[in-house]
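The values are calculated or read from the model by the stated rules, or taken from the named source; none is laboratory data. Every value quoted in this text rests on a predicted model; they were computed, and no experiment measured them. As a convention, Cβ positions derive from the backbone with ideal geometry for all residues, glycine included, and neighbour counts pool all protein chains shown. Ligands, DNA and RNA are excluded from the accessible area calculation, which covers all protein heavy atoms including side chains. Shrake-Rupley method; radii C 1.70, N 1.55, O 1.52, S 1.80 Å.
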Amino acid sequence: MSHRFTRRDFAGAAGALAAGLAVPPGKAEAQTVSATPAMLANDRRFPADFVWGTATSAYQIEGAVAAEGRGPSIWDSYSNTPNKIRGGGNGDRAVDHFQRYKEDVQLMKALGAKAYRFSISWSRVFPTGVGTPNPQGLDFYNRLIDELLANGIEPFATLYHWDLPQALQDRVGGWASSDTSKAFGDYAGHVAQRITDRVKNIFTINECGTFVDFGYGHGPVELAPGLKLPQPQLNQVRHHVALGHGMAVQAIRANGRADTKVGVAENVASCVPAIETPANIRAAEIATREMNGGYMTVILEGRYTDAFLAYAGRNAPSFTAEELKIISSPVDFVGLNVYMPQYYVVASGDQNGFALVPFPTSFPRMDSDWLRIGPEALYWAPRNVAKVWNVKQIYISENGTSAADRPAGDGKIHDLDRVMYLRNYLTHLQRATSEGIPVKGYFHWSLMDNFEWSDGYEKRFGLYHVDFETQKRTPKLSAEFYRSLIAANALV
Ligand code: GBH
């Protein structure tokens, strides 16, 4: 193995030169001319087996909402309710991926991507969430999986990306009932039995925190089913979602092939030390545990923290020891969806040991109001998760940005801002992998523009631009950036 130059080596060499130390001229020249480019190239590389991919979700891209026996989901009802979606869009057609999946697999191939994270629509498989499975329910996913494998792209499946079967919402109140956790486990087992001959990696639930807070709680943004439950019920929903994850892990173990790997994909609260002092770094670790108390901590530790329960007080969820055991069923990997630093953290002398620093109003953002630009999050999120819970395999299951992409006169989409965002975030991801933090792969959100939930078709996250009228896909400049980066397996 060749010697890896570290940043310190480089700084040391440069520093010695700058300090005017006596180096024979010939030698100094050799050092700067031959070593510097090599050092930089090495320093910017990702691990040889790093998995580069893209991500999407079923309701956001598929369309074909009544095809092959699919039942309605809460997103069909919600997006067809007046005034819920910006611009009035819905997912009835979305970006027609159900019909165009072969073309879309070619888009991935053109990037040189080695993996693809997609989600399975529960109500295609079980139209009412439970009971008799739809015999055609997995046909589309089988076609997609086979097409991916034929093109050398590794499928990673997510079982729940927010599209709960409407019947479960109507019958038991959705995640307000543990019947839904159980139904999710059954669905997971059914799917695992049928796809794990070809799909080796499964994410259970996408972003528990997001759809619970915004779908059932009082977030600044609303998601389906658009309920506003009081705090005690909301905490119970939270617990049932964590329980659903655990039941799915157990069902996948029981029904899938033995080599199946399973994990969660969580929008973990990324806690970044405001300034990298040892005390602030420690504070960010404590904050990581506490600010993720409802999901990551209970999933990885099997208990709610004392501070979490004290904070919830009389509103705390009711739960049994047996449920905590199910929730903390061992996972093989942890998926992190990282868009921004949720919190900048400093050390504090109070009992919490950390304090959150408020964002100044001038803090820079991307095209979505919420999307604050903090590239360090892509270092600190995996770093803290690896450190706090000793996690051995991490995927960045989502990262990306909206941008106001408009085709220029030449028809091209010059999304310089997305390229800027990616270059900076990925620099921090490279810092993580070069320090040995076990990040195994990265899934860019998203492959192509799609239905951005309550923002409808007004926010674009794709590497490929989609003309929503004609469904034409066009690579943006960021697609070219990502292709070059994958080809080099290094920052470009
Ligand atoms: C992901 O969520 C989703 O998994 C994906 O489906 C979606 O298309 C993609 O991001 C882009 O949005 O409380 O003011 O911060 C991203 C995380 C967390 C972003 C909740 C929006 C709500 C606004 N989301 N957040 S705010």
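If you go through the stretch 389-403 and keep only what is away from the ligand (no atom under 16 Å from the Cβ) and open to solvent by 10 Å² or more (accessible area, probe 1.4 Å), you end up with 389, 390, 391, 392, 393.
Pairs linking a residue in the stretch 404-424 that is farther than 20 Å from residue 486 by Cβ to a residue that is basic (Lys, Arg) and not in a loop (DSSP other than H, G, I, E, B), with Cβ atoms under 9 Å and 6 or more positions apart or on different chains, are 404/460; 405/418; 405/460; 405/476; 412/476; 414/476. Looking at the stretch 446-460, which of the residues that are within 11 Å of the ligand (Cβ to nearest atom) and open to solvent by less than 10 Å² (accessible area, probe 1.4 Å) is farthest from residue 477 (Cα to Cα)? So, considering only residues that are within 11 Å of the ligand (Cβ to nearest atom) and open to solvent by less than 10 Å² (accessible area, probe 1.4 Å), the one farthest from residue 477 (Cα to Cα) is 451.
With respect to the conditions (1) farther than 30 Å from residue 388 by Cα; (2) surrounded by fewer than 18 Cβ atoms within 10 Å (Cβ to Cβ); (3) more than 16 Å from the ligand (Cβ to nearest atom), residue 473 lacks only one, and its number is (2). Within the stretch 349-370, residues that are more than 14 Å from the ligand (Cβ to nearest atom) sit with their Cβ atoms under 8 Å from residues that are open to solvent by 90 Å² or more (accessible area, probe 1.4 Å), at 6+ positions apart or across chains, in these pairs: 353/282. The set of residues from the stretch 364-388 being within 14 Å of residue 438 (Cβ to Cβ) and open to solvent by 30 Å² or more (accessible area, probe 1.4 Å) comprises 383, 387, 388. Against the test of being within 18 Å of residue 461 (Cβ to Cβ) and acidic (Asp, Glu), the options 92, 96 yield a single qualifying residue, 96.
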